[in-house]
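Trainee: Mind looking over this structure? Questions follow.
Here, each number is a calculation from the coordinates, and none is a lab measurement. Here the structure is a predicted model, which is why all the values come from computation and not from measurement. Every residue, glycine as well, gets a Cβ built from its backbone with ideal geometry; the counts of neighbours run over all protein chains shown.
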Amino acid sequence: MSEIYARPEPTLIPIRRPLCPACQSRMLLVHVGASCDGPNLRIFECSKCGNVHETTVDDPNGSAR
Ligand SMILES: [Zn+2]
C-alpha cells in the first residue's frame, strides 16, 4: 500500500524534492506555506547534514488563496 497516495491533503501531494547542495542527499519537505517571497513557500531540510533550503513553486490550483 502506498502511504503517499493514501493521504488526501493537497499539501502532501508528492512534489519534486531537491538534492542537498552540500551532500547531494534527498532533502525532506519540512514546511509548506505562504511567505513574503510568494504564496507557495516550500522549505526543505537535509536529513543527513541539516542544510535548509527555501524555495517557492507555482501552484496551478491556487490552493494557497
Ligand atoms: Zn545535506
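Trainee: Given 0.36 nm per residue, what is the gain on full extension from Lys48 to Arg16 after removing their alpha carbon distance, in nm?
Mentor: My answer for the length gained is 9.7 nm.
Trainee: Also: So, by mean Cβ neighbours within 10 angstrom, what's the order for 39-50, 22-33 with the highest one leading?
Mentor: On the way: 39-50: 16.4, 22-33: 13.8.
Packing proxy ranking, top to bottom: 39-50, 22-33.
Trainee: If the chain between Val57 and His31 were fully stretched, how many nm would it gain, using 0.36 nm times the residue separation less the Cα-Cα distance?
Mentor: Values: separation 26, 0.36 × 26 = 9.36 nm, distance 1.28 nm.
Length difference between fully extended and current span is 8.1 nm.
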